[in-house]
1. From 85, 56, 89, which residue is closer than 24 Å to residue 10 by Cβ, surrounded by fewer than 17 Cβ atoms within 10 Å (Cβ to Cβ) and at pLDDT 70 or above?
2. Just to check your reading of the model, which residue among 12, 119 is part of a helix (DSSP H, G or I), modelled with pLDDT of 80 or more and surrounded by 15 or more Cβ atoms within 10 Å (Cβ to Cβ)?
3. Which ones in segment 29-46 are within 19 Å of residue 88 (Cα to Cα) and modelled with pLDDT under 75?
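The values are calculated or read from the model by the stated rules, or taken from the named source; none is laboratory data. It should be emphasised that the depicted structure is a prediction, and the values quoted were computed from it without experimental measurement. Here the Cβ positions follow ideal geometry from the backbone for every residue, glycine too, while neighbour counts run over all protein chains shown.
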């Protein structure tokens, strides 16, 4: 019975309290909804109006859209040049960081995944 509760698909909204971590992480549909909320939430509100005056926010979530979004000076830009057929987040994060550096910008990657760090170090030394 406990396993059945973990596999329930929830209708997640911004207003509701988030279900427990195991409920989200054991069900793919719940993870997709949570990821969509994390990406689309800030992109659809006034959050980025102030946050991107000095910074650029680039985000890509392949389960939400194939086209990454970049926000600069409160302007939302579809970055078709950063589209990728990879479904692995490790590769997508690395691709975006390298694109940022090649365009002459300074970038910061915030990620606790060792694979991303290894990929970035590998490409940094090439």
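1. Values: 85 fails: closer than 24 Å to residue 10 by Cβ; 56 fails: closer than 24 Å to residue 10 by Cβ.
Answer to the check: 89.
2. Unique residue meeting the criteria: 119.
3. Scanning segment 29-46 gives 38, 39.
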